[in-house]
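A short worksheet on the structure shown next.
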Amino acid sequence: MINLGIIGTNWITKQFVNAGEETDSFKLAHVYSRTESKAQSFIDDLSKSNISISTDLEQFFSSNDFDAVYIASPNRLHFKQAKMAIEHGKNVILEKPSASNIREFTILDQLAHQKGVYMIEAARHIHEPIFKKVQEYVDNNREQLTGATISYMKYSSKFDDFLAGKKPNVFTTDFSGGALYDLGVYTVYDAVVLFGQPEEVKYQPEFLEDGIDGSGSLTLKYKDFDVNIIVGKTKNSYLPTEIYFGKKTLLLDNGGDITKVSEADDKKEIKEIPTTKSDNPMDSEAIEFARIINENDKAAYDKLFEYARKVNRILEQARMSAGLVFEADKEY
């Protein structure tokens, strides 16, 4: 098992820590938090002991008790924290998106190569068996592929705070938040992994009062078809995700957390496609990330990294097409 340090004491970090230990991939060794009490509360919630705590990033990264760090802080902080980790020779697992813009992403890429460490973007859903089943179906029917509609909208638990006049990180340009960079990144990964690099990108957001996108529609134009994406954090959608193959349609219950896959024909007969899904959706990515690091599988790493590069570039192109500017963009 790889000794793991973490940044971010939230539910998603807990889920990754549990996945790492359930699969004998990662073992929690060190927790960074701005306050010791918050770090200790996180550790206690996991019923752990003998876990190191740091409230200073330099002290955290200088520690020798972990070899990889999982970073699940607000998007704006990813670049600084990942850069420090790489400079200290740590392998980095970054929650998506890795950076606020492609410039930051490129700097991290170059630095990781210089230091000889891995920087892996944690797009967990593309590693799940249920997504692999979708990928297999698309590959086997690619000649009939005629487009897709991908939907992922969930009313955010933080939106009520926003409506009350507060400024949750996920609803500010200061922290590189918004619908596209939160839920939308899942859907862009869907498109890149299943269909490749689009020729054109256009995003039409519904802006909130502070200039962040609460929801929006993204169009990815490919040579022979379009992929239309609907994302949002200010409303709930129960629309399925659909991938079109002429008379046949592949149905996914959504574009981010897929739990069911079915095939429909032109007679409206729907047949469910058997697949499996772990209780912890991060199990598959934890296994793969640990395997890449332990086996030094550069070919598998390069494939994942190229997905990440394309996704981060599309996200920036989408923002630029809509005039959506983050504070991080102004630092260069």
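The values are calculated or read from the model by the stated rules, or taken from the named source; none is laboratory data. Please read these numbers as outputs of a predicted model, since none were measured by experiment. Neighbour counts run over all protein chains shown; Cβ positions are idealised from the backbone, glycine included. These area figures cover heavy atoms from the full protein model, side chains too; ligands, DNA and RNA do not enter into them. Shrake-Rupley method; radii C 1.70, N 1.55, O 1.52, S 1.80 Å.
Evaluate the following for Lys27: is it of a type in the set (D, E, K, R) and either farther than 15 Å from Asn280 by Cβ or touching a residue at least 60 places away in the same chain (Cβ under 8 Å) (or both)?
So Lys27 fits the description; yes.
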*asked:* Here is a check on your reading of the model: is Lys271 farther than 30 Å from Asn169 by Cα, part of a strand (DSSP E or B) and open to solvent by 80 Å² or more (accessible area, probe 1.4 Å)?
replied: yes
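Which residue out of Val69, Val17 is part of a helix (DSSP H, G or I) and either of a type outside the set (Asp, Glu) or within 23 Å of the chain's Cα centre (by Cα) (or both)?
Details: Val69 fails: part of a helix (DSSP H, G or I).
From the options Val69, Val17, the qualifying one is Val17.
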*If you take the residues in region 20-51 that are part of a helix (DSSP H, G or I) and under 22 Å from Asp279 (Cβ atoms), which one is nearest to the chain's Cα centre (by Cα)?*
Gly20
*For region 300-319, indicate whether the set of residues that are farther than 29 Å from Ile212 by Cβ, within 21 Å of the chain's Cα centre (by Cα), part of a loop (DSSP other than H, G, I, E, B) and among the acidic types (Asp, Glu) is non-empty.*
no
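Just to verify a result, which residue in region 257-268, among those that are of a type in the set (D, E, K, R) and under 30 Å from Ser157 (Cβ atoms), is most open to solvent (accessible area, probe 1.4 Å)?
Here is the first cut: in region 257-268, the residues of a type in the set (D, E, K, R) are 257, 260, 263, 265-268.
Going one step further and asking which of them are under 30 Å from Ser157 (Cβ atoms), we end up with 257, 260.
Values: Asp257: 55, Lys260: 98 Å².
Only one residue tops the list, namely Lys260.
What is the residue count in region 172-209 for residues that are in a loop (DSSP other than H, G, I, E, B) and more than 17 Å from Thr241 (Cα to Cα)? Show your work before the answer.
Step one: of region 172-209, the residues in a loop (DSSP other than H, G, I, E, B) are 172-178, 183, 196-199, 208-209.
Narrowing the set further to residues that are more than 17 Å from Thr241 (Cα to Cα) leaves 172-178, 196-199, 208-209.
Summing the residues that are in a loop (DSSP other than H, G, I, E, B) and more than 17 Å from Thr241 (Cα to Cα) in region 172-209 gives 13.
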_Identity of the residue in region 86-106, assigned to a helix (DSSP H, G or I) and under 19 Å from the mean Cα position of the chain (by Cα), that ends up nearest to Leu315 (Cα to Cα)_ = Ile102
*Using beta carbons and a limit of 9 Å, which pairs, at least six apart or on different chains, have the first residue in region 132-159 and closer than 16 Å to Gly255 by Cα and the second one of a type in the set (Lys, Arg)?*
Met153/Lys233; Met153/Lys235; Lys154/Lys233; Lys154/Lys235; Tyr155/Lys233; Tyr155/Lys235
*For Tyr155, are the conditions met, namely being over 16 Å from the mean Cα position of the chain (by Cα), at pLDDT 95 or above, in a loop (DSSP other than H, G, I, E, B) and at negative phi?*
yes
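Got at least one residue in region 132-146 being within 17 Å of the chain's Cα centre (by Cα) and in a helix (DSSP H, G or I)?
yes
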_Can you tell me how many residues within region 287-324 are hydrophobic (A, V, I, L, M, F, W, C), open to solvent by less than 70 Å² (accessible area, probe 1.4 Å) and closer than 18 Å to Pro97 by Cα?_
9
*Could you check how many residues of region 1-24 are over 19 Å from Asp67 (Cβ atoms), open to solvent by less than 50 Å² (accessible area, probe 1.4 Å) and touching a helix residue (DSSP H, G or I) at 6+ places or on another chain (Cβ under 8 Å)?*
1
*Where residues in region 187-209 are open to solvent by 30 Å² or more (accessible area, probe 1.4 Å) and of a type in the set (Asp, Glu), which of them is nearest to Tyr152 (Cα to Cα)?*
Glu206
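Examine region 79-94 for a residue that is open to solvent by less than 20 Å² (accessible area, probe 1.4 Å), basic (Lys, Arg) and modelled with pLDDT of 95 or more, and state whether such a residue exists.
Kept after step one, since they are open to solvent by less than 20 Å² (accessible area, probe 1.4 Å), are these residues of region 79-94: 81-82, 85-86, 90, 92-94.
Narrowing the set further to residues that are basic (Lys, Arg) leaves 90.
Next, from what is left, pick out any that are modelled with pLDDT of 95 or more: 90.
Yes, region 79-94 contains a residue that is open to solvent by less than 20 Å² (accessible area, probe 1.4 Å), basic (Lys, Arg) and modelled with pLDDT of 95 or more.
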*asked:* Condition first: of a type outside the set (A, V, I, L, M), under 22 Å from Ser237 (Cα atoms) and open to solvent by less than 10 Å² (accessible area, probe 1.4 Å). Now tell me which residues in region 157-183 satisfy that.
replied: Phe171, Gly177, Gly178, Tyr181
*asked:* Suppose the filter is open to solvent by 50 Å² or more (accessible area, probe 1.4 Å) and either over 22 Å from Ser73 (Cα atoms) or in contact with a His (Cβ under 7 Å, 6 or more places away or on another chain) (or both); does Lys132 pass it?
replied: yes
*Mind checking which residues of region 210-256 are in contact with a helix residue (DSSP H, G or I) (Cβ under 7 Å, 6 or more places away or on another chain), open to solvent by less than 40 Å² (accessible area, probe 1.4 Å) and part of a loop (DSSP other than H, G, I, E, B)?*
Ile212, Tyr222, Lys233, Thr234, Gly255, Gly256
